[in-house]
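Asks: Provided herewith is a single structure, encoded as structure tokens, for subsequent inquiry.
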Amino acid sequence: MSLKKINTALAATFILFILWFGTEFILSPETTAPGFGLPSRPAGDGGGFLIIKGIRDVVLALVLGILLVTGHRRALGWALLVEALAAYGDMATVLAHHGSVATALGVHCLTATLMVVNGLLILHETRAVAAAPATPAPQPV
């Protein structure tokens, strides 16, 4: 299997996972929140922040999906690198609020690190294309 196919499959998996997780936070934040790794669900009106997190995840997935579907692979690689910061941020949030270390590292850190690896592989895959000099169009004689 080619590197491009592996990268595409991995990117598509991230897109579907982030989209699913975000949608779960929007539709059912009270049942999805414990899986995030924090020790307790926000009290009072704080539950709205879970829906905001879901919307963020859906938007992140849609950006990646659009880049994948339209074939903008180099931009997809960069977007994966940047969007990994959201997952690293989630990990830091869970750890800073005395949440589950296992979830922080096993879900958020692992996801972010795999996104970085996938982004770097896509950038490596597209490096030769980006570095190739443009060949001039043949001129009529």
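Asks: Please work out which residue is nearest to T103 (Cα to Cα), limiting yourself to the range 32-58 and to residues that are open to solvent by 40 Å² or more (accessible area, probe 1.4 Å), out of contact with any helix residue (DSSP H, G or I) (no Cβ under 8 Å at 6 or more places or on another chain) and part of a helix (DSSP H, G or I).
Replies: Applying the filter and picking the extreme gives P34.
Asks: Sort out which residues of the range 19-31 are open to solvent by less than 20 Å² (accessible area, probe 1.4 Å) and over 20 Å from A96 (Cβ atoms), and write them in order of number.
Replies: Passing the criteria: G22, P29.
Asks: Within the bounds of the range 116-132, is there any residue that is not in a helix (DSSP H, G or I) and not basic (K, R)?
Replies: For the range 116-132, residues not in a helix (DSSP H, G or I) and not basic (K, R): present.
Asks: Which residue, of A86, A12, A75, is within 18 Å of H108 (Cβ to Cβ), small (G, A, S) and surrounded by 13 or more Cβ atoms within 10 Å (Cβ to Cβ)?
Replies: A86
Asks: Answer with yes or no whether L120 is within 14 Å of F36 (Cα to Cα), at pLDDT 95 or above and not polar (S, T, N, Q).
Replies: No.
Asks: Would you check which residues across the range 54-111 are over 24 Å from S28 (Cα atoms), over 12 Å from the mean Cα position of the chain (by Cα) and touching a residue at least 40 places away in the same chain (Cβ under 8 Å) and list them?
Replies: L68, R73, R74, listed by residue number.
Asks: May I ask you to list pairs of residues, at least six apart or on different chains, whose Cβ atoms are under 7 Å apart, with the first in the range 8-24 being closer than 19 Å to G35 by Cα and assigned to a helix (DSSP H, G or I) and the second being open to solvent by less than 50 Å² (accessible area, probe 1.4 Å) and basic (K, R)?
Replies: From the range 8-24, no pairs qualify.
The values are calculated or read from the model by the stated rules, or taken from the named source; none is laboratory data. Nothing here was measured: the structure is a model prediction, and the numbers come from that model. Counting neighbours? That spans all protein chains shown, and the Cβs are built from the backbone with ideal geometry, glycine included. Side chains are part of the model used for accessible areas, which takes the heavy atoms of the whole protein and leaves out ligands, DNA and RNA. Shrake-Rupley method; radii C 1.70, N 1.55, O 1.52, S 1.80 Å.
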